[in-house]
Amino acid sequence: HCVSFSETENGEQLYECPMCSLTCTNIHILEEHVNLHLEEHSFSDDGNIRDLELAQWLQTEEDKQQRSEEEKREREEFKKLQRQYGLDNSGGYKQQFLKNMEREVDRGRMQPFEYHKRKADMMECLASGIDDGKTKTSGVIEALCKYYQNENKDVRRVWLSTGVDHFHSSLGDRGWGCGYRNFQMLLSSLLQNSLYNDCLRDTTLIPSIPKIQSMIEDAWREGFDPHGASHFNSRLHGSKAWIGACEIYSLLTNLRIKCRIIDFHKPTGPMGTHPRLFEWILHYYSTDNEGGARVVCTSKPPIYLQHQGHSRTVVGIEEKKNKALCLLLFDPGCPSQEMQKLLKQNSGGTNLKLLRKFVGSLKEKQYQIVAVDGVLSLEEKAARCCASQILTSEKIP
């Protein structure tokens, strides 16, 4: 029975009968009193009090059970999210690389000697902080430039980024490394542009994923995006944590590379499409490149494109003769052997489907882009660090 109690002025405890509000100073006396109520049915002629108490007890127990199940479900959902976003302390790039190679050996797809050689190579890359380049494809932009100059068909004009290497996910980062691979693509372009030489004098080679994780942690230590840092407990290295536009912004800005996040937070066209996103990208590439050439090989770096669960790199945009726009995207999920088909002289337009995305193809609820536009002074960097503690993205209405 639910018994309430209080205290007298002398600190003596008083126990109240739940049926008649009688107060007693002794719990045992109260128990005997309540039992009399129950035995004599004095509160009710037909014993309904027992039914009422039983119903209340059952309801209380049911509520307890429901709360317990909800708490358990919440814990499981939280663990699932931690696993999904690589925050479950299950190890990072190195552990995943070794585990996947061991699996390949067990299945007979890799010889033990190859396992030991690749392990040694991987350990060397981790020690140097430099990517091994084994997932890299170079020369695609140059091949595209030649292709468009020889093909007329339905393309009215096309704008291309300056040279970009494609990087795809490997055994060590499959399933979570897209943000890091897109940063490698963007960096490969910046390293070819003398404007960024001073910013990148300590980053002359493409860093490995664990090194990029350390570089983001460095930006957090400088004071960038404290809210984002707290989401990761200020630690990425040794984890399989997914990163997004805010981490890319912090990393670039800490290197004194001027960039901004644009947030396309809702569809701006029919059927959940984002024509404003395409128009923004067209404006980005065509500004300062308004000449009459049909194929415009610009000096613009590629654009980092993020949506829920994945990110890609925009390397150009086509304008069709019917005025429709089509993005050209490098996807870290696309393996090297597919990308290399684009390098062949006779590849034609068939392989371009790997890269082409029309307005109807991008129908996620939200997109974010990170666009690079020059370099920052030390004062500008400090100001952006302060600003990032409040807000880093611009919303397109």
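Name the residues in region 185-200 that are of a type outside the set (Gly, Ala, Ser) and open to solvent by 10 Å² or more (accessible area, probe 1.4 Å), would you?
Those that are of a type outside the set (Gly, Ala, Ser) and open to solvent by 10 Å² or more (accessible area, probe 1.4 Å): 191, 192, 193, 195, 197, 198, 199.
Do we find a residue being under 23 Å from the mean Cα position of the chain (by Cα) and open to solvent by less than 10 Å² (accessible area, probe 1.4 Å) anywhere in region 153-164?
Checking region 153-164: at least one residue is under 23 Å from the mean Cα position of the chain (by Cα) and open to solvent by less than 10 Å² (accessible area, probe 1.4 Å).
State whether one or more residues within region 106-115 are within 19 Å of residue 302 (Cα to Cα) and open to solvent by 80 Å² or more (accessible area, probe 1.4 Å).
no
Closer than 20 Å to residue 178 by Cα and open to solvent by 40 Å² or more (accessible area, probe 1.4 Å): is that true of residue 251 in this structure?
The answer is no for residue 251.
Assess whether residue 338 counts as being buried (at least 21 other Cβ atoms within 10 Å of the Cβ), more than 22 Å from the chain's Cα centre (by Cα), in the same structural domain as residue 202 (by the TED database) and under 20 Å from residue 355 (Cβ atoms).
no
Tally the residues that are under 18 Å from residue 374 (Cα atoms) and either in contact with a Ser or Thr (Cβ under 9 Å, 6 or more places away or on another chain) or open to solvent by 40 Å² or more (accessible area, probe 1.4 Å) (or both), restricting the search to region 254-279.
Of the residues in region 254-279, 7 are under 18 Å from residue 374 (Cα atoms) and either in contact with a Ser or Thr (Cβ under 9 Å, 6 or more places away or on another chain) or open to solvent by 40 Å² or more (accessible area, probe 1.4 Å) (or both).
Regarding region 118-139, can at least one residue be identified that is among the β-branched types (Val, Ile, Thr) and either open to solvent by 70 Å² or more (accessible area, probe 1.4 Å) or not assigned by the TED database to the domain that holds residue 206 (or both)?
The answer is no; no qualifying residue exists.
Can residue 228 be described as in a loop (DSSP other than H, G, I, E, B), over 19 Å from residue 315 (Cα atoms) and not β-branched (Val, Ile, Thr)?
no
Of the conditions (1) of a type outside the set (D, E, K, R); (2) surrounded by fewer than 11 Cβ atoms within 10 Å (Cβ to Cβ); (3) at pLDDT 70 or above, residue 22 clears all except one; give me its number.
(2)
Name the single residue that is nearest to residue 166 (Cα to Cα) among those in region 190-229 being of a type in the set (Asp, Glu) and in contact (Cβ under 8 Å) with a residue 60 or more places away in the chain.
198
Run residue 135 past the list (1) in contact (Cβ under 8 Å) with a residue 60 or more places away in the chain; (2) out of contact with any His (no Cβ under 6 Å at 6 or more places or on another chain) and report the number of the one that doesn't hold.
(2)
With region 238-348 as the region, which strands (runs of 3 or more DSSP E) entirely inside it contain at least 2 residues that are of a type outside the set (A, V, I, L, M) and at pLDDT 95 or above?
257-264, 303-307, 310-320, 325-330
For region 91-105: of the residues being within 26 Å of residue 166 (Cβ to Cβ) and in contact with a Phe, Trp or Tyr (Cβ under 8 Å, 6 or more places away or on another chain), which is most open to solvent (accessible area, probe 1.4 Å)?
Out of the qualifying residues, it is 104.
Output the residues belonging to region 167-184 that are charged (D, E, K, R) and crowded, with 21+ Cβ neighbours inside 10 Å.
Within region 167-184, 173, 181 meet the criteria.
The values are calculated or read from the model by the stated rules, or taken from the named source; none is laboratory data. None of these values were measured; they are calculated from a predicted model. Cβ sites come from the backbone with ideal geometry, for glycine too, and all protein chains shown count toward neighbours. For the accessible areas, the whole protein counts, side chains as well, though only heavy atoms, and no ligand, DNA or RNA atoms are used. Shrake-Rupley method; radii C 1.70, N 1.55, O 1.52, S 1.80 Å.
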